[in-house]
Each structure stands twice: as structure tokens, then as C-alpha cells.
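Input: one structure, supplied below.
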Amino acid sequence: FRFVRETAHQCAEAGLQVWLYDEDPYPSGNAGGWITIEHPELRALAMQRYSPPAHLKQGENWAFPSGKLCWAGLVPTSGSGQVIDLTSRVGILRQEWRVLDPWDSRWYYPATPRFPCPRSETYVPEFAMRLPAIPAGMQLQAFVAQPSGVDSIWGALPDTLNPTATKLFIERTHERYRRELGDLFGGPITAIFSDEAKYFGNRPWTPALFDGFLQTYGYDLRARLYHLFESHHTPEAMRARLDYRHWLLARFEDAWLKPVGDWCRRNNLK
């Protein structure tokens with residue numbers, strides 16, 4: 001920060017306007033990684049769709065990756081019609097086994113003579129349900145929200161649709177600048193720059209999504225999630241996709257853009 005202050009003074013002496021860079025590096029919102037490191041619960045999540053393989057038979061276990069379970073059930077292949085909610089039938093299943101052999105009884109009865117005792121353990125919990133009868137014209141689908149941006153420079157991206165993440169970002173970046181350089185705001189320092197702030201994933205999920213969507217549009221998005229993954233041109237499908245995008249836009253504006261913009265205006269920065 002001493003370096004930033006000295007740079008600001010030298011630029012001002014050269015007749016340049018000084019803009020701060022809000023973040024290290026981009027996209028803005030993670031405070032150099034602090035947000036998702038300190039608060040893994042604030043990682044951005046995006047919804048993924050899963051369907052059972054064709055070879056599974058009724059009554060067999062269908063396993064799919066875990067995460068935040070959003071909805072599971074039977075949906076019409078035509079793009080409109082009644083759905084059947086089977087979310088409550090989803091449980092946890094572990095299918096990966098490891099056999100420890102040779103092994104012996106010292107781990108269980110250390111005071112007795114040892115005898116051979118192979119041991120097995122199972123790992124990697126997955127979501128699973130027994131395959132139900134699937135009527136003609138319907139298919140089974142499950143929707144799970146999973147971390148978005150795991151291949152990013154951060155290793156995890158923040159949920160910029162969550163105002164809690166934005167509050168922590170402002171505390172870690174803007175407020176720190178204010179404590180160190182606030183006397184230069186509105187003088188040598190005229191603005192602060194945000195780099196490609198956005199929400200993440202093609203179909204982002206945030207904790208407020210389903211309740212907020214229902215309150216705004218009057219219907220439950222969970223039963224229509226399949227519309228977000230398909231290109232059916234029924235009025236119901238197009239309405240769900242359009243309403244979802246509108247909700248994301250308004251939420252990002254309220255949860256990220258407005259708090260950051262309001263802070264800048266209060267502190268005499270563009």
C-alpha cells in the first residue's frame with residue numbers, strides 16, 4: 001500500500017488520473033482468493049443434469065454425482081406436461097470398495113493372539129435412487145448444483161449472486177483501500193476498476209434461487225429445471241428459460257453491482 005500511495009502521487013504529479021484495480025487478478029469478487037478460502041460455503045455453484053444409462057432396469061440402483069440436490073423426478077420428453085417429483089427417493093450410496101489383505105486382528109483385539117482378518121472399506125458417497133417404472137413419453141432426470149470454476153486461476157469462484165460474498169469482498173478490498181488511501185479519494189484517485197464481474201456457470205444456483213423465483217414469478221422452478229437444459233419451444237419451456245435469466249440478472253444487480261456501486265459513490269469514487 002505504500003507502493004500504491006507513492007504511485008498515485010507520482011501519477012498525479014504527471015497529470016494522470018489514478019484508478020485503483022479492485023482485485024488480484026480477475027474476475028473481480030474473490031479478493032485474491034480470500035472469499036472462497038475462508039468461506040468455502042460461498043463458492044459458486046452451477047446446476048448439472050443427470051439421467052440414468054439405458055441399460056439399467058427397474059429396481060436397480062442408479063447412482064449419480066453428489067452436491068446440492070435440487071430436484072429429481074420424471075419429466076415429459078415433449079417439453080410440456082405433468083412432472084412426477086421423486087426427490088425424496090434420493091439417498092446416499094457408496095460403490096467403490098477397497099479390500100485390505102493381508103490384515104490381522106490387532107486393529108480390533110490388540111490383547112489377544114493375532115489371526116488373519118481381511119478388511120474392506122467403501123468410499124466416495126454418491127447420490128442414488130432405485131430406478132422406478134418410467135411411463136412412455138417420460139424420462140428420469142436429476143439436477144445437482146456443483147462447484148463452478150474449479151479449473152479457474154482461483155481453484156474456486158465466489159457466488160456473486162449471494163450478497164454475503166459481496167459484503168466480504170468489499171471488506172477485503174474496497175474498505176482496505178479506504179483505510180490506507182481514503183484521503184486521496186476524489187483527489188488523485190478518481191475511480192476504482194472492476195474486472196469482468198459476473199455470475200458463474202451456464203445455469204448458476206444460489207441459496208435464494210428457488211424461494212426468490214417463486215416469489216417473483218409465482219411458480220416453482222424446481223419442477224421446470226429440465227427446461228433450462230433443453231431447446232423445446234413450447235410456451236412453458238420458453239417462459240421458464242426467460243424468467244430464469246431475468247431473475248439472475250436482477251439478482252446479480254442487487255447482490256453485487258449495486259452494493260459495489262453504492263460503496264464507490266459514498267466514497268467519492270467513480
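Could you tell me how many degrees, from 0 to 90 and to the nearest 10, lie between the Cα long axis of helix 235-252 and the main elongation axis, the longest principal axis, of the Cα atoms of the chain?
40
For a quick check of your reading of the filter: which GluC sites (Glu not before Pro) in the range 170-270 sit in a DSSP loop and have no more than 16 other Cβ atoms within 10 Å?
196, 230
Let me ask something else about it. Go through the range 91-177 and name the trypsin sites (Lys or Arg not before Pro) that are in a DSSP coil and have 14 or fewer other Cβ atoms within 10 Å of their Cβ.
Filter output for the range 91-177: 114.
To test your reading of the geometry: what angle, between 0 and 90 degrees and rounded to tens, separates the Cα axis of helix 2-13 from the longest principal axis of the chain?
40
Enumerate lysine pairs in the chain that are 8 or more residues apart or on different chains, then count those whose Cα atoms are under 28 Å apart.
Number of lysine pairs found: 10.
Taking the Cα-to-Cβ direction at residue 85 and at residue 5 and moving 7 Å from each Cα, how far apart do the two end points lie in nm?
Output for this residue pair reads 5.8 nm.
Just to confirm, what accessible area per residue do you get for the range 112-258 at 1.4 Å probe, in whole Å²?
On a per-residue basis, 49 Å².
Something else: Report the extension gain between residue 100 and residue 152 in nm, rounded to one decimal, defined as 0.36 nm multiplied by the number of residues separating them, less their alpha carbon distance.
That pair, residue 100 and residue 152, stretches by 15.0 nm at full extension.
Another one. If you stretched the chain out fully between residue 267 and residue 39, how much longer would it get, using 0.36 nm times the residue separation minus the C-alpha to C-alpha distance?
Using 0.36 nm per residue and subtracting the Cα-Cα distance, I get 79.4 nm.
To continue, here is another question. Check each of the chymotrypsin sites (Phe, Trp or Tyr not before Pro) in the range 108-194 and keep only those in coil by DSSP with at most 15 other C-beta atoms within 10 angstrom; list them in order.
The qualifying sites are 108.
The values are calculated or read from the model by the stated rules, or taken from the named source; none is laboratory data. Quantities reported herein were computed from a predicted structural model and do not represent experimental measurements. Using ideal geometry, Cβ is built from the backbone for each residue, glycine included, and neighbour counts are taken over all protein chains shown. Ligands, DNA and RNA are excluded from the accessible area calculation, which covers all protein heavy atoms including side chains. Shrake-Rupley method; radii C 1.70, N 1.55, O 1.52, S 1.80 Å.
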